[in-house]
1. Please work out if residue B:37 is surrounded by 13 or more Cβ atoms within 10 Å (Cβ to Cβ) and either outside any strand (DSSP E or B) or touching a His at 6+ places or on another chain (Cβ under 9 Å) (or both).
2. All but one of (1) modelled with pLDDT under 95; (2) surrounded by fewer than 16 Cβ atoms within 10 Å (Cβ to Cβ) hold for residue B:43; which doesn't?
3. Looking at the stretch B:66-79, is at least one residue over 26 Å from residue A:42 (Cβ atoms) and basic (Lys, Arg)?
4. Failed condition for residue B:95, given (1) touching a Lys or Arg at 6+ places or on another chain (Cβ under 7 Å); (2) surrounded by 15 or more Cβ atoms within 10 Å (Cβ to Cβ), with all others met?
5. Do any strands (runs of 3 or more DSSP E) entirely within the stretch B:50-92 hold 3 or more residues that are more than 14 Å from chain A (Cβ to nearest Cβ), and if so, which?
6. Does at least one position in the stretch A:24-46 carry a residue that is farther than 30 Å from residue B:2 by Cβ, aliphatic (A, V, I, L, M) and either away from chain B (no Cβ under 13 Å) or free of Cβ contacts under 8 Å to residues at least 40 places away in the same chain (or both)?
7. Among the listed residues A:30, A:72, A:110, which satisfies the condition of being surrounded by 13 or more Cβ atoms within 10 Å (Cβ to Cβ) and of a type in the set (Ser, Thr, Tyr)?
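The values are calculated or read from the model by the stated rules, or taken from the named source; none is laboratory data. Just so it is clear, the structure is predicted and the values come from calculations on it, not from any experiment. All Cβ positions, glycine included, derive from the backbone under ideal geometry; neighbour counts span all protein chains shown.
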Amino acid sequence: AQKVTQAQTEISVVEKEDVTLDCVYETRDTTYYLFWYKQPPSGELVFLIRRNSFDEQNEISGRYSWNFQKSTSSFNFTITASQVVDSAVYFCALSSHPMNTGFQKLVFGTGTRLLVSP
Amino acid sequence: DAGVIQSPRHEVTEMGQEVTLRCKPISGHDYLFWYRQTMMRGLELLIYFNNNVPIDDSGMPEDRFSAKMPNASFSTLKIQPSEPRDSAVYFCASSLRGKGNIQYFGAGTRLSVL
C-alpha cells in the first residue's frame, strides 16, 4: 500500500525565515511520482512540482527548493526567505508511475499548514 | 488557457434537497476526477473518468452520489438526497495522459447542507 506522511501539522514562522516542510512516503513500486500542491486561503489546489523517482536531482525554482532522497523515502520542500503570501496548506502526494496505463491514483498526505507572519 | 472551472463556488442547501455540482475540465484533457475534502478525512478521490467513461467509482460514498460526463467538456456530481454529513469542499481536477499524471484542480465548491 502507498502512504504519505506529513508529520508537521502546522508551522509558524516570521517573514524572511527559511522553512522546510517534511514529506515521507511509502511505496513498494520501483517507479513512482511525487508531487507538492499548495492550497492558499482562497481554497484552490495549485500544482507546484512533480518529481520522477528516476531523478534524484534536487530542484530549485526561485525561493522554492525540493530535496528528494530515495534512501530515506523523503521529498522535502524548503521555502527560502518566506513571505506572507506563502501562507497556505501544502500537500505532498504520491502515485505509481503511469507507464502505459495512463493514470495512477494520487495518494495525498494530510497537509502542513504554514503561517508566515509579518 | 483557462483552468478547470467549477460551479457554483458555494452552495448552501437543506437536508433532503438535490445538489448538483458542475465542472468544466481543461480543454484537451482526457481524465477528469472528483474529490472531496473534509477535515476528518482529508482529500478523497470519489470517481474518475477517462474519455468521458467512468473508470473507478469505488470512492463514491453512497448511492446518493452519482456522477456523469456527457461530453469531454462537462461533468456533474449529484447528491440526492443531501445530508449534513455531505458538507465538504468538492474539487474537480483534470489531467492529460502522457503528461506525467499531473492533475490540475478547480477552485472547488464549498457545500453546506443544513
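1. No.
2. Against the list (1) modelled with pLDDT under 95; (2) surrounded by fewer than 16 Cβ atoms within 10 Å (Cβ to Cβ), residue B:43 comes up short only on (2).
3. Within the stretch B:66-79, one or more residues are over 26 Å from residue A:42 (Cβ atoms) and basic (Lys, Arg).
4. For residue B:95, the failing item is (1).
5. B:65-71, B:74-79
6. Within the stretch A:24-46, one or more residues are farther than 30 Å from residue B:2 by Cβ, aliphatic (A, V, I, L, M) and either away from chain B (no Cβ under 13 Å) or free of Cβ contacts under 8 Å to residues at least 40 places away in the same chain (or both).
7. The match here is A:110.
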